[in-house]
Amino acid sequence: MNISKGKKLIWLGLLMMVGSSGLFGQLAFETNVISLSLPPDKDHLSVEFPFKVKGEKPITIKEYQAACSCLSAEISGNGKLTWQPGENGIVRGNFKLGTIKGAIEKKIVITVEGEAVPIVLTTKLEIPDLFSIDPPTLFWDLNGKGAAQIFKISVNHETDILVTELSCTNEQFKYEMKVIKPGREYQVAVTPVHVKERAFGLLRIKNDCEFKKYSSVQGFMVVRLPKPSD
């Protein structure tokens with residue numbers, strides 16, 4: 001084959017590929033990721049992902065879903081699934097935040113007819129944790145030492161938050177709270193009565209925070225089988 005003729009064929013193929021891309025509809029989003037920092041009293045939230053149909057053919061959305069009980073998805077146009085070239089629409093995510101705190105990342109997945117790869121729309125939220133516990137769970141090994149361990153409680157609010165009540169679901173765990181800094185920092189020492197059998201308990205710490213979602217935290221206590229050594 002003549003080299004110059006071969007080059008012409010390659011260029012012709014590339015031009016055909018570029019030109020043909022306009023023959024198919026494309027769901028083009030302004031952004032696929034939204035990041036937000038929320039105030040502590042925010043319980044409900046809606047985020048919008050605007051899109052436009054590009055190309056020369058309509059597109060049909062086969063499925064859209066948000067695999068989380070705190071997030072539901074909807075599409076503008078009363079849930080219209082087939083969109084014509086040049087049309088604009090919105091995919092909306094509706095959050096019910098409840099007691100969710102900290103950094104979360106939730107996704108809406110959209111499957112378009114004729115497209116092998118789904119479109120993923122991601123929402124990243126930073127929700128303040130005004131009254132936090134660390135670690136979330138204390139572990140003891142079965143037939144181990146059973147020494148006291150500590151939950152650390154921190155207040156991350158502009159005003160003080162006072163502990164008002166402690167309770168535990170299992171009498172096998174004894175607990176004692178120490179005030180490190182009133183309204184700002186606490187510690188709860190937990191000691192199992194014994195570690196001769198597996199056990200599970202929940203420690204609930206209530207407070208006087210004005211926001212209901214922060215009015216208590218839970219810490220878990222577990223007597224478990226020892227982890228195998230590496």
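The values are calculated or read from the model by the stated rules, or taken from the named source; none is laboratory data. This one's a predicted model, so the numbers in the text were calculated from it and none came from an experiment. Counting neighbours? That spans all protein chains shown, and the Cβs are built from the backbone with ideal geometry, glycine included.
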Next item on the list: Can you work out which of the residues in region 127-136 that are surrounded by 13 or more Cβ atoms within 10 Å (Cβ to Cβ), of a type outside the set (Gly, Ala, Ser) and out of contact with any Lys or Arg (no Cβ under 6 Å at 6 or more places or on another chain) is nearest to PRO226 (Cα to Cα)?
Entry: ILE133
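Here's the yes/no breakdown for (1) within 30 Å of ILE75 (Cα to Cα); (2) in contact with a strand residue (DSSP E or B) (Cβ under 7 Å, 6 or more places away or on another chain); (3) modelled with pLDDT under 95:
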| position | (1), (2), (3) |
| --- | --- |
| GLU105 | yes, yes, no |
| PHE151 | no, yes, no |
| GLN187 | no, yes, no |
| LYS196 | no, no, no |
| ALA199 | no, yes, no |
Next item on the list: Determine, yes or no, whether ILE104 is touching a Pro at 6+ places or on another chain (Cβ under 7 Å) and assigned by TED's automatic domain parsing to the domain that holds ILE75.
Entry: no
Margin query: Which condition from (1) out of contact with any strand residue (DSSP E or B) (no Cβ under 7 Å at 6 or more places or on another chain); (2) assigned by TED's automatic domain parsing to the domain that holds LYS212 is the one that LEU166 breaks?
Written below: (1)
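One line per residue, one yes/no per condition, for (1) exposed (fewer than 15 other Cβ atoms within 10 Å of the Cβ); (2) closer than 23 Å to LYS212 by Cα; (3) modelled with pLDDT of 95 or more:
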{"site": "GLN84", "(1), (2), (3)": "yes, no, yes"}
{"site": "GLU87", "(1), (2), (3)": "no, no, yes"}
{"site": "ASN94", "(1), (2), (3)": "yes, yes, yes"}
{"site": "THR99", "(1), (2), (3)": "yes, yes, no"}
{"site": "GLY102", "(1), (2), (3)": "yes, yes, no"}
{"site": "VAL117", "(1), (2), (3)": "yes, no, no"}
Item checked: Criterion violated by THR99 - all others in (1) under 26 Å from ARG184 (Cβ atoms); (2) touching a strand residue (DSSP E or B) at 6+ places or on another chain (Cβ under 8 Å) satisfied -> (2)
Check: Can you name every residue in region 72-108 that is in contact (Cβ under 8 Å) with a residue 40 or more places away in the chain, assigned to a strand (DSSP E or B) and among the aliphatic types (A, V, I, L, M)?
Finding: ILE90, VAL91, ILE108
Next item on the list: For region 137-174, name all the residues that are exposed (fewer than 14 other Cβ atoms within 10 Å of the Cβ) and in contact with a helix residue (DSSP H, G or I) (Cβ under 8 Å, 6 or more places away or on another chain).
Entry: none
Notebook entry, point to check: Which condition breaks for ALA148 when tested against (1) closer than 29 Å to SER35 by Cβ; (2) in contact with a Ser or Thr (Cβ under 6 Å, 6 or more places away or on another chain)?
Noted result: (1)
Notebook entry, point to check: How many residues are surrounded by 14 or more Cβ atoms within 10 Å (Cβ to Cβ), more than 30 Å from ASN143 (Cα to Cα) and without any contact (Cβ under 8 Å) to a residue 60 or more places away in the chain when one looks only at region 175-207?
Noted result: 3
Checklist line | Sole exception among (1) surrounded by 13 or more Cβ atoms within 10 Å (Cβ to Cβ); (2) modelled with pLDDT of 90 or more for GLY25, by number | finding: (2)
Next item on the list: Scan region 45-62 and report the pairs whose first residue is within 12 Å of VAL112 (Cα to Cα) and whose second residue is aliphatic (A, V, I, L, M) and not in a strand (DSSP E or B), with Cβ atoms within less than 9 Å and a gap of 6+ or a chain change.
Entry: THR60/LEU81; ILE61/LEU81; LYS62/LEU81
Next item on the list: Tell me which residues, restricted to region 159-190, are under 16 Å from CYS209 (Cβ atoms) and not hydrophobic (A, V, I, L, M, F, W, C).
Entry: THR159, ASP160, THR164, GLU165, PRO182, GLY183, ARG184, GLU185, TYR186
Next item on the list: Only one of these is at pLDDT 95 or above and not in a strand (DSSP E or B): THR31, THR60. Name it.
Entry: THR31
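Hey, any hits in region 194-208 for a residue that's outside the structural domain of PRO39 (by TED's automatic domain parsing), of a type in the set (Phe, Trp, Tyr) and either within 30 Å of HIS44 (Cα to Cα) or in contact with a Lys or Arg (Cβ under 8 Å, 6 or more places away or on another chain) (or both)? Spell out the reasoning first.
Taking region 194-208 first, the residues outside the structural domain of PRO39 (by TED's automatic domain parsing) are 194-208.
Pick out the ones that are also of a type in the set (Phe, Trp, Tyr) and you get 200.
With either within 30 Å of HIS44 (Cα to Cα) or in contact with a Lys or Arg (Cβ under 8 Å, 6 or more places away or on another chain) (or both) added as a condition, the list becomes none.
There is no residue in region 194-208 that is outside the structural domain of PRO39 (by TED's automatic domain parsing), of a type in the set (Phe, Trp, Tyr) and either within 30 Å of HIS44 (Cα to Cα) or in contact with a Lys or Arg (Cβ under 8 Å, 6 or more places away or on another chain) (or both).
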